[in-house]
Amino acid sequence: MSRTRSVASSALGINRRTVLAATAAVSVSAGVGYALRPTDSRAATSATDTGAAGAPVAQSRKAPAAPLAPYTRGTTLASVAAPRTSSGYRRLGDGPGWTRRVRSELATPKTGRAGRRTTLAAFVQLTDLHLIDAQHPMRLEYLRSTDIHAWRPHEALTVHGAVSLVERVNALRGAPVTGAPLHFAMTTGDNTDNNARTELEWFLTVMSGGRITPDSGDPRHYEGVQNSGLKQYWQPDATVRDADKQLGFPHLEGFLAAAVRELNSPGLNLPWYSTVGNHDSLPLGCYGHGDSWLAEHAIGGKKLMSLSASEAKKLQDAIKNGKDPKGTAFRDLLKAHTRDMRSVTPDEKRAPYTAADYLKAHLDPAYRGVGPVGHGYSSANLDAGTQYYSFRIADDVIGISLDTTDPGGHYNGSIGTAQLRWLDRTLRDNKDSYAVVFSHHTSESMTNTRPDPARPGERRHNGQEVVALLGSHANVLAWVNGHIHRNDITPHSAPDGRSFWEISTASHVDYPQLARVIELVDNKDGTISLFTTCIESSAPHRTDFTDLSQTGLAALYRELSYNAPGARTDLAGESKDRNTELVLKKG
């Protein structure tokens, strides 16, 4: 055993004892949450087989006092946005809440458990925020000529929607079932959309607090497809009868000026952690880094806004099928259409960012918020070139954040052998603690085993291999992820009776724009329950077309996403995938 590993693998236990001794901490269910930020040496994370097992990277704090009683206000148990008109462009209003479903595929729920249970932890999952620099030259809006949903009318308002979601989390005064304090929030990837520095700055400011101007290029006015005059896109400020207005979308004079106006985020009022997604790692979420022409195009002064349906179909198929992981054909397409591009203002802030840039930005003190420093990542990650880590959630629970993106290109994921072995070792070294695993990709979307260019000799592993590994550890309770933009909860059971739940949550860019609260409780009868409760942003369900304030635009963000042409209608999932009680046998 290497010296580095011995230090880090024991750090979870060291921090638990330190905190207990220092604060005389009691359980989260009694209203106190804690975690401790170690030195970078304890947080070491290595890309080698003998690397560190990971360590908690959290900030000491007492969770805010909360009533230890159900708190459903502002959750989808109380109300969910619903259409109040029946045809055309449908206006939203307050709809009935979603009920809770008990799922017993993995264990039989026992009567009287509500009176016995104690809370192990409670936290919030945010996923697929997709903060979009809507004027970025690399965007693929022109794919709308073959796929109507390839561009969405609400894309200029992603920052407003994300800030409103932060406001909702901050307004929660306790967990919906137990009333326990919310311990932390975790973002499970695709925090940004184009892998652009503008978007990364906006994301970190949304989460940590501060003022944001969701604009790039010319600071005086918007330059993008929504004032291009092209009828293919909703032209909100113009009177032109575009395709979306023909479907009932409104004429909103002043919309674009309001969309790029400065706004303020309060930042989350609880610690937050970050997990990386393919849109955070790869330009457009699908192309590997390395093409200097594409990097220059991202910050340059030309933007393609229209493309024939046949060429758009060819490009979209190449992306879906992973035929062009390095973006070579994409680059050639753009070069061939140079004369068709429109002039925009160049902006170096639109440059793509690397994995190292992503880590450095998270470690920047300017984005600390209430912490922890690095939001899970440490300088040891930077040194090792890794984006996975472990942390202590509570006295008896650890969290593990994986990097399931494939640097070789394409939007589906996998993990390398070094990370898979690290995961196995971390679970084994913390076998006396329950474990919650976080990633961006779902088990079913981890099908891309293209080699990592930085580690060409390392084997990549798919989602079923990860499921098998997690199923071999009795302490795993849940695998929490996103990517598919749909609520979906799947039971996984191993032949020896070990089991865990996979919890996938809908995005915040496509309707119904949700996040999720997850509570872990011990039923004191040989079973554990995981309660999942979906939440919307704090924006009102009803919109006012004359209200272009920060709050008004956040409400409009939801309504526009509901009406987006071609949008899927099944992303909320079935009732069994939304508000649930997931029962497990105690490992």
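The values are calculated or read from the model by the stated rules, or taken from the named source; none is laboratory data. None of these values were measured; they are calculated from a predicted model. No Cβ is skipped: glycine too gets one built from the backbone with ideal geometry, and neighbour counts run over all protein chains shown. The area values use the complete protein model at the heavy-atom level, side chains included, leaving out ligands, DNA and RNA. Shrake-Rupley method; radii C 1.70, N 1.55, O 1.52, S 1.80 Å.
Hey, can you tell me all the residues within the stretch 534-559 that are more than 30 Å from Arg101 (Cβ to Cβ), assigned to a helix (DSSP H, G or I) and either of a type in the set (Gly, Ala, Ser) or open to solvent by less than 20 Å² (accessible area, probe 1.4 Å) (or both)?
Gly552, Leu553, Leu556
To keep it simple, each residue is scored yes or no on (1) touching a residue at least 40 places away in the same chain (Cβ under 8 Å); (2) among the hydrophobic types (A, V, I, L, M, F, W, C); (3) in contact with a helix residue (DSSP H, G or I) (Cβ under 8 Å, 6 or more places away or on another chain); (4) farther than 30 Å from Gly399 by Cβ.
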{"site": "Lys231", "(1), (2), (3), (4)": "no, no, no, yes"}
{"site": "Ala238", "(1), (2), (3), (4)": "no, yes, yes, yes"}
{"site": "Arg241", "(1), (2), (3), (4)": "no, no, no, yes"}
{"site": "Lys245", "(1), (2), (3), (4)": "no, no, no, yes"}
{"site": "Phe249", "(1), (2), (3), (4)": "yes, yes, yes, yes"}
{"site": "Ser265", "(1), (2), (3), (4)": "yes, no, yes, no"}
{"site": "Leu270", "(1), (2), (3), (4)": "yes, yes, yes, no"}
{"site": "Tyr273", "(1), (2), (3), (4)": "yes, no, yes, no"}
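Does any residue in the stretch 461-478 that is touching a residue at least 12 places away in the same chain (Cβ under 8 Å) come within less than 6 Å, Cβ to Cβ, of a residue that is part of a helix (DSSP H, G or I) and of a type outside the set (A, V, I, L, M, F, W, C) six or more places away or on a different chain, and which pairs are these?
Leu469/Asp424
Scan the stretch 291-303 for residues that are open to solvent by 20 Å² or more (accessible area, probe 1.4 Å), in contact with a Lys or Arg (Cβ under 7 Å, 6 or more places away or on another chain) and more than 17 Å from Ala134 (Cβ to Cβ) and jot them down.
Answer for the stretch 291-303, where residues must be open to solvent by 20 Å² or more (accessible area, probe 1.4 Å), in contact with a Lys or Arg (Cβ under 7 Å, 6 or more places away or on another chain) and more than 17 Å from Ala134 (Cβ to Cβ): Asp291, Trp293.
What pairs come up if the first residue lies in the stretch 301-320 and is closer than 10 Å to Asp147 by Cβ, the second is in a helix (DSSP H, G or I) and open to solvent by less than 20 Å² (accessible area, probe 1.4 Å), and their beta carbons are under 7 Å apart, counting only those six or more places apart or on different chains?
Ala312/Tyr142; Ala312/Leu143; Gln316/Leu143
Looking only at residues that are over 19 Å from Asn191 (Cβ atoms) and of a type in the set (Gly, Ala, Ser) in the stretch 505-533, which one is least open to solvent (accessible area, probe 1.4 Å)?
Here the answer is Ser529.
Scan the stretch 351-371 for residues that are open to solvent by less than 30 Å² (accessible area, probe 1.4 Å) and in contact with a strand residue (DSSP E or B) (Cβ under 8 Å, 6 or more places away or on another chain) and jot them down.
Ala351, Tyr353, His362
What single numbered condition from (1) part of a loop (DSSP other than H, G, I, E, B); (2) surrounded by 24 or more Cβ atoms within 10 Å (Cβ to Cβ); (3) out of contact with any Ser or Thr (no Cβ under 9 Å at 6 or more places or on another chain) fails to hold for Val436?
With respect to (1) part of a loop (DSSP other than H, G, I, E, B); (2) surrounded by 24 or more Cβ atoms within 10 Å (Cβ to Cβ); (3) out of contact with any Ser or Thr (no Cβ under 9 Å at 6 or more places or on another chain), Val436 is out only on (1).
Report, ordered by the first and then the second residue, all pairs with beta carbons closer than 7 Å, sequence separation of six or more or different chains, a first member in the stretch 521-545 that is of a type in the set (Asp, Glu), and a second member that is open to solvent by 20 Å² or more (accessible area, probe 1.4 Å).
Note: pairs meeting the criteria are Asp522/Arg117; Asp522/Thr118; Asp522/Leu120; Asp525/Lys110; Asp525/Arg113; Asp525/Arg116; Glu536/Arg168.
Pull up the stretch 140-186, narrow it to residues that are out of contact with any Leu (no Cβ under 8 Å at 6 or more places or on another chain) and of a type in the set (Lys, Arg), then point me to the one that is modelled with the lowest pLDDT.
Arg173
Is there any pair with a first residue in the stretch 575-587 that is closer than 14 Å to Phe531 by Cβ and among the β-branched types (Val, Ile, Thr) and a second that is part of a loop (DSSP other than H, G, I, E, B) and open to solvent by 10 Å² or more (accessible area, probe 1.4 Å) whose Cβ atoms are under 9 Å apart and which are 6 or more apart or on different chains, and what are they?
Pairs that qualify, where the first residue is closer than 14 Å to Phe531 by Cβ and among the β-branched types (Val, Ile, Thr) and the partner is part of a loop (DSSP other than H, G, I, E, B) and open to solvent by 10 Å² or more (accessible area, probe 1.4 Å), are Thr580/Arg100; Val583/Ser104; Val583/Glu105; Val583/Leu106; Val583/Thr108; Val583/Pro109; Val583/Lys110.
Consider only pairs whose beta carbons are under 8 Å apart and that are at least six residues apart or on different chains; among these, list those whose first residue lies in the stretch 350-362 and is outside any helix (DSSP H, G or I) and whose second residue is open to solvent by 30 Å² or more (accessible area, probe 1.4 Å) and not basic (Lys, Arg).
What qualifies is Ala351/Ala295; Ala351/Ile299; Pro352/His289; Pro352/Ala295; Thr354/His289.
Out of everything in the stretch 105-121 that is more than 11 Å from Ile528 (Cα to Cα) and in contact with a strand residue (DSSP E or B) (Cβ under 7 Å, 6 or more places away or on another chain), what residue ends up being most open to solvent (accessible area, probe 1.4 Å)? Break it down stepwise before answering.
If we filter the stretch 105-121 for residues that are more than 11 Å from Ile528 (Cα to Cα), which is where we start, we get 105, 111-112, 114-116, 121.
Of the ones still in play, those that are also in contact with a strand residue (DSSP E or B) (Cβ under 7 Å, 6 or more places away or on another chain) are 105, 121.
Numbers: Glu105: 102, Ala121: 0 Å².
Residue satisfying both the conditions and the ranking: Glu105.
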